[in-house]
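Right, one structure below, let's go through it.
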Amino acid sequence: MLRGGILNPAINSLLSRVRHTNTLVIADRGFPFWPQIETIDISLTDDIPRVMDVLAAIQHNFTIGRVFAAQEFLAANPPQTARALEDALIGTPITFELHREFKKRVPDAIGLIRTGDTIQYSNLILESA
């Protein structure tokens, strides 16, 4: 029995398949479904869990080389929301790109974790180091 860390077996399985330069998507509740990639839906209610909760949980077992996020995230949210993301990823490069370009990266991901997050454009693509 697991005694700590990530307890969700589907997320553990997904993380164990990520290799160098593979990507993983953490998405908000409104992110489109991508039938070609494995999706683990852990949304419970509005904002439970949030993208930042999942990011914090997986950082112990996932070496992030860089992150992709939607440029619209910066315009749609207050500055403290963007600062919280940057603080959570200190030392990790974040590339902000147009949301339509961001979504073009999704089909190449190993998988997608869908959250209950309601923060606009809070989706992240994590590239393993």
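The values are calculated or read from the model by the stated rules, or taken from the named source; none is laboratory data. Just so we're clear, the structure is a prediction, and the values are computed from it rather than from any experiment. Cβ coordinates were reconstructed from backbone atoms using ideal geometry, including for glycine residues, and neighbour counts include every protein chain displayed.
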**OP:** Find the helices (runs of 4 or more DSSP H) located wholly in segment 38-129 whose residues include 3 or more that are charged (D, E, K, R) and out of contact with any Asp or Glu (no Cβ under 8 Å at 6 or more places or on another chain), and list them.
**Re:** 79-88, 99-105
Original post:
Which of (1) touching a strand residue (DSSP E or B) at 6+ places or on another chain (Cβ under 8 Å); (2) loosely packed, with under 12 Cβ neighbours inside 10 Å; (3) assigned to a helix (DSSP H, G or I) is the odd one out, the single condition residue 19 does not satisfy?
Top reply: (3)
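Given the options 113, 125, name the one that is within 20 Å of residue 33 (Cα to Cα), touching a Lys or Arg at 6+ places or on another chain (Cβ under 7 Å) and in contact (Cβ under 8 Å) with a residue 24 or more places away in the chain. Explain how you work it out, then say what you get.
Working: 113 fails: touching a Lys or Arg at 6+ places or on another chain (Cβ under 7 Å).
Step by step, each of 113, 125 is checked, and only 125 is within 20 Å of residue 33 (Cα to Cα), touching a Lys or Arg at 6+ places or on another chain (Cβ under 7 Å) and in contact (Cβ under 8 Å) with a residue 24 or more places away in the chain.
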Original post:
Could you list, in sequence order, the residues of segment 66-96 that are surrounded by fewer than 16 Cβ atoms within 10 Å (Cβ to Cβ) and of a type in the set (D, E, K, R)?
Top reply: 83, 86, 87
**OP:** Among residues belonging to segment 28-42 that are in contact with a helix residue (DSSP H, G or I) (Cβ under 6 Å, 6 or more places away or on another chain) and modelled with pLDDT under 95, point out the one that is surrounded by the most Cβ atoms within 10 Å (Cβ to Cβ).
**Re:** 34
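Condition check: in contact with a Lys or Arg (Cβ under 9 Å, 6 or more places away or on another chain) and either farther than 11 Å from residue 124 by Cβ or aromatic (Phe, Trp, Tyr) (or both). Does residue 62 satisfy that? Step through it out loud before you land on a result.
Numbers: in contact with a Lys or Arg (Cβ under 9 Å, 6 or more places away or on another chain): no; either farther than 11 Å from residue 124 by Cβ or aromatic (Phe, Trp, Tyr) (or both): yes.
Taking the combined requirement at face value, the residue does not satisfy it.
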Subject >> Pairs where the first residue, in segment 74-95, is over 17 Å from residue 63 (Cα atoms) and at pLDDT 95 or above and the second is part of a loop (DSSP other than H, G, I, E, B) and not small (Gly, Ala, Ser), C-beta under 8 Å, 6+ apart >> reply: 76/120; 76/121; 77/119; 77/120; 77/121; 81/119
**OP:** Please find, within segment 1-16, the residue that is surrounded by the most Cβ atoms within 10 Å (Cβ to Cβ) out of those that are hydrophobic (A, V, I, L, M, F, W, C) and assigned to a loop (DSSP other than H, G, I, E, B).
**Re:** 6
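Could you list, in sequence order, all residues of segment 42-64 that are charged (D, E, K, R) and at negative phi?
Restricting attention to segment 42-64, the residues satisfying the condition of being charged (D, E, K, R) are 46-47, 50, 53.
46, 50, 53, listed by residue number.
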